[in-house]
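Chemist: Before we start, here is the structure in question, set down as structure tokens.
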Amino acid sequence: MAFITGGNRGIGAATAQALTDAGHRVVIGSRSGQGSEIPGVPSVTIDVGNGESIEKAITQVEQTYGPISILIANAGITRDSLLMRMPDQDIEETIATNLVGSIRLARRVLRSMIKARNGRIVFMSSVVGLLGSAGQVNYAASKAGLIGAARSLTREVGSRGITINVVAPGFIDTDMTAALDEDTKSAILGTIPAARYGQPSEVARVIEFLVSDAGAYISGAVIPVDGGLGMGH
């Protein structure tokens, strides 16, 4: 069974659809508890920046739907500003949600994965974590940290049939990019060799492959889905 945080919209929702189409049972989690538009996909409320909320949500999922064999740690936030003007709260909340929350989620679901000697974990990073971005020191650090976490965890549990990988999307056509003004959109497009934004479904298909049997020998990898923006960094 697959559990997807931030599964109610954007890349998370597209991933829920892709995994459902591939025959997986899926449960989504979000801070709002908003349900999925996909028939038969239940939802739970979870704040990945809060350890107690993670424990409560995972326990609820396990007791109601069974052990989690696939974790997609997709939920994340941004709190952008130049570092000289960035308050401590924006640093701490971004790191707590994007990095610490993903690590806590992985630690919690590993209990059943180790017992089953099988599991798939995918951390959602970003091209920003690889290239850096002015005004996003906190966000870039949180996303880059997921790479070290995934590779360290691969060394810890790789012999147990568990894979841990990182997907690093570039600029994807989501609510966040839709809110940008036209000048910003044009400037961004000028940096992307593919000359377009990616679609959530394109990221979702990469995730679906990583959690499939075909992806069983891939672990500790960072897969960019960015139209060539990061050139494989």
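The values are calculated or read from the model by the stated rules, or taken from the named source; none is laboratory data. What you are looking at is a predicted structure, and each value in this text was computed from that prediction instead of being measured. Because the Cβ atoms are built from the backbone with ideal geometry, glycine has one as well, and the counts that use them run over all protein chains shown.
Chemist: Does region 106-118 contain at least one residue that is touching an Asp or Glu at 6+ places or on another chain (Cβ under 8 Å), not charged (D, E, K, R) and not in a helix (DSSP H, G or I)?
Modeler: No, because not a single residue in region 106-118 is touching an Asp or Glu at 6+ places or on another chain (Cβ under 8 Å), not charged (D, E, K, R) and not in a helix (DSSP H, G or I).
Chemist: Tell me which of these Leu71 doesn't satisfy, since it passes every other one: (1) part of a helix (DSSP H, G or I); (2) within 14 Å of the chain's Cα centre (by Cα).
Modeler: The failed condition is (1).
Chemist: Something else now. Those residues that are small (Gly, Ala, Ser) and either at pLDDT below 95 or surrounded by 14 or more Cβ atoms within 10 Å (Cβ to Cβ) (or both), I need them from region 148-157; list them, please.
Modeler: Within region 148-157, the subset small (Gly, Ala, Ser) is 148-150, 152.
Ala149, Ala150 - these are the residues of region 148-157 that are small (Gly, Ala, Ser) and either at pLDDT below 95 or surrounded by 14 or more Cβ atoms within 10 Å (Cβ to Cβ) (or both).
Chemist: Regarding Gln136, is this residue surrounded by 19 or more Cβ atoms within 10 Å (Cβ to Cβ) and either at pLDDT below 95 or not aromatic (Phe, Trp, Tyr) (or both)?
Modeler: On the way: surrounded by 19 or more Cβ atoms within 10 Å (Cβ to Cβ): yes; either at pLDDT below 95 or not aromatic (Phe, Trp, Tyr) (or both): yes.
Judged against the criteria, Gln136 is a match.
Chemist: Only residues that are under 18 Å from the mean Cα position of the chain (by Cα), β-branched (Val, Ile, Thr) and surrounded by fewer than 18 Cβ atoms within 10 Å (Cβ to Cβ): list them for region 41-68, please.
Modeler: Answer for region 41-68, where residues must be under 18 Å from the mean Cα position of the chain (by Cα), β-branched (Val, Ile, Thr) and surrounded by fewer than 18 Cβ atoms within 10 Å (Cβ to Cβ): just Thr45.
Table: residues versus (1) over 18 Å from the mean Cα position of the chain (by Cα); (2) free of Cβ contacts under 8 Å to residues at least 12 places away in the same chain; (3) crowded, with 20+ Cβ neighbours inside 10 Å.
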{"residue": "Gly161", "(1), (2), (3)": "yes, no, no"}
{"residue": "Thr177", "(1), (2), (3)": "no, no, no"}
{"residue": "Leu180", "(1), (2), (3)": "yes, yes, no"}
{"residue": "Thr184", "(1), (2), (3)": "yes, yes, no"}
{"residue": "Gly190", "(1), (2), (3)": "yes, yes, no"}
{"residue": "Arg205", "(1), (2), (3)": "no, no, no"}
{"residue": "Ser212", "(1), (2), (3)": "no, no, no"}
{"residue": "Gly215", "(1), (2), (3)": "no, no, no"}
{"residue": "Gly228", "(1), (2), (3)": "yes, no, no"}
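Chemist: Okay, moving on. For region 40-67, give me each residue that is farther than 20 Å from Thr20 by Cβ and part of a loop (DSSP other than H, G, I, E, B).
Modeler: Residues satisfying the conditions are Asp47, Val48, Gly49, Asn50.
Chemist: Tell me yes or no: at least one residue of region 111-127 is surrounded by fewer than 20 Cβ atoms within 10 Å (Cβ to Cβ), among the aromatic types (Phe, Trp, Tyr), modelled with pLDDT of 95 or more and touching a strand residue (DSSP E or B) at 6+ places or on another chain (Cβ under 9 Å). Spell out how you get there, then give the answer.
Modeler: The initial filter retains those residues of region 111-127 that are surrounded by fewer than 20 Cβ atoms within 10 Å (Cβ to Cβ), namely 111-112, 114-118.
Add one more test, that the residue is among the aromatic types (Phe, Trp, Tyr), and what stays is none.
There is no residue in region 111-127 that is surrounded by fewer than 20 Cβ atoms within 10 Å (Cβ to Cβ), among the aromatic types (Phe, Trp, Tyr), modelled with pLDDT of 95 or more and touching a strand residue (DSSP E or B) at 6+ places or on another chain (Cβ under 9 Å).
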